[in-house]
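In what follows, a single structure is set out as structure tokens and then discussed.
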Amino acid sequence: MKRRGRYVVAFDSLPVIISAASSVGKAEGEGPLSQCFDCVNSNDGIGSSTWERAEASLVKQAVAASVKKAAVKMPDIDVAFAGDLLNQCTASTFGLRDTDIPLAGLFGACSTFALALFMCAAAVDTGAVRLALAEASSHFCSAEKQFRFPLEYGGQRTPTAQRTVTGAGAALVAPEGEGVYITHGMIGRITDYGVKDIANMGAAMAPAAARTIADFLKDTHSQPGDYDMILTGDLGSVGSDLLLEIMQEEYGVDINNVHADCGKMIFDSQVQDAHAGGSGCGCSASVVCSHIIPQMKENKLKRVLFAGTGALMSPLSALQGDSIPAVTHAVLLVAKGGGS
């Protein structure tokens with residue numbers, strides 16, 4: 001494992017994502033990517049008595065599907081790097097507690113899945129781990145209850161608000177095999193532009209996304225055109241517009257032609273009431289596992305810089321009037337034949 005510039009790490013052994021799977025709720029299953037998901041639940045309760053238990057069920061479904069695709073068994077997995085939005089990452093813990101997989105819980109808000117892929121690649125690249133699991137989840141109802149108001153309150157969301165995705169994504173990373181390589185990774189720096197509006201996560205996260213993308217391009221001596229896609233997850237429509245502006249005005253880099261955002265992809269803004277788009281740990285996890293990685297396996301995409309964006313506030317920090325710090329972690333996904 002070697003440094004490339006100040007922040008980027010190169011995984012010289014080329015850890016590979018050998019399988020990936022996703023599970024989502026009803027609204028996500030009615031969106032543009034409906035045919036991509038491995039499991040679409042007919043309702044968001046998923047047969048559970050609470051929203052939090054429903055989210056744990058999403059985790060179980062995504063992990064089980066990923067393991068089945070890889071033709072491995074749960075005991076073959078050396079470690080799970082997993083996280084969600086709930087206090088103490090309970091969705092991940094309860095979703096994985098019966099698997100007997102060693103668990104390293106992560107919190108990066110919506111950046112969690114990118115962070116989990118980085119940790120899996122680093123662990124596999126060093127030889128400390130033979131098979132690692134990356135997993136992240138979120139649930140619209142559990143997130144609303146924790147960060148805003150329970151649905152029964154009937155609160156109105158502002159146009160800049162994003163809808164937390166009810167979904168989970170899981171990917172298995174190994175030292176060899178057929179799949180998509182993780183060639184580089186980067187842990188982002190905390191960035192805070194003083195945004196305090198908890199109903200505008202896109203504005204809070206966009207500066208962090210710009211900073212990480214600019215750092216990655218600089219450290220790797222690459223240009224936006226070197227990638228088929230620079231994928232953020234998840235800024236939504238408001239944050240995506242801000243990202244493009246910041247990249248040009250502060251860094252002199254134009255990523256308009258290659259940028260895409262998971263929060264804009266998962267819902268149909270014309271017919272679904274998602275306001276500024278999707279968000280939550282499960283947004284980028286389900287989009288990457290169900291849509292991006294399959295396209296890369298088919299060589300429709302060869303090089304994707306996945307930059308997971310996260311707002312690191314808590315309900316308590318928001319009530320105390322603090323601004324919203326954000327972070328963006330990145331991994332470079334490369335298809336077979338996509339170059340070094």
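Bear in mind these aren't lab numbers, they're just calculated from the coordinates by the rules spelled out. Nothing here was measured: the structure is a model prediction, and the numbers come from that model. Quick reminder, even Gly has a Cβ in these numbers, built from the backbone with ideal geometry, and neighbours come from all protein chains shown.
The table below lists the values:
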quantity: Segment Ser323-Asp192, extension gain: residue separation times 0.36 nm, minus the distance between their alpha carbons; calculated: 46.4 nm
quantity: Hydrodynamic radius by Kirkwood, which averages 1/r over all alpha carbon pairs of the stretch 182-334, in angstrom; calculated: 15.5 Å
quantity: Sequence-separation-based contact order of the chain, relative, with Cα cut under 8 Å and 6+ spacing, percent; calculated: 25 percent
quantity: The stretch 111-124 - phi-based ³J(HN,Hα) in whole Hz, Karplus 6.51/-1.76/1.60, Gly and Pro as x; calculated: 8, 4, 5, 4, 5, 5, 5, 4, 5, 4, 4, 5, 5, 5
quantity: Contour excess over end-to-end distance, with Cα ends at Gln35 and Gln270 and 0.36 nm allotted per residue; calculated: 82.7 nm
quantity: With at most 12 neighbouring Cβ atoms within 10 Å, loop GluC sites (Glu not before Pro) (DSSP) excluded, longest segment of the chain; calculated: 1-175
quantity: Distance cut-off 15 Å, percentage of C-alpha pairs in the stretch 33-96 lying past it; calculated: 57 percent
quantity: Largest to smallest principal axis extent of the C-alpha atoms in the stretch 300-340, angstrom; calculated: 51, 16, 9
quantity: Projected area averaged over orientations for the stretch 1-156, convex hull of C-alpha atoms, nm²; calculated: 11.0 nm²
quantity: Neighbour-count order for Leu244, Leu86, fewest beta carbons within 10 angstrom listed first; calculated: Leu244, Leu86
quantity: Helix-only mean residue ellipticity at 222 nm for the chain, each DSSP H run of n ≥ 4 adding -39500 (n - 2.57), per residue, nearest 500; calculated: -9500 deg cm²/dmol
quantity: DSSP bridge orientation in the chain - percent antiparallel, rounded to nearest 5; calculated: 65 percent
quantity: Estimated dipole of the chain in Debye, rounded to 20 [Cβ of Lys and Arg +1, of Asp and Glu -1, Cα centre]; calculated: 540 debye
quantity: At 1.567 mPa s and 4 °C, Stokes diffusion of the stretch 262-329 via Kirkwood alpha-carbon radius, µm² per second; calculated: 92 µm²/s
quantity: Cα principal axis extents for the chain, largest first, Å; calculated: 51, 49, 36
quantity: Loop-located trypsin sites (Lys or Arg not before Pro) in the stretch 47-152 whose Cβ has at most 16 other Cβ within 10 Å (DSSP); calculated: Lys73, Arg97, Arg130
quantity: Potential lengthening between Arg4 and Thr158 on full extension [0.36 nm per residue; Cα-Cα distance subtracted]; calculated: 51.3 nm
quantity: Those lysines that a straight Cα-Cα span of less than 21 Å connects to Lys60, excepting residues fewer than 8 apart in one chain; calculated: Lys26, Lys68, Lys69, Lys73
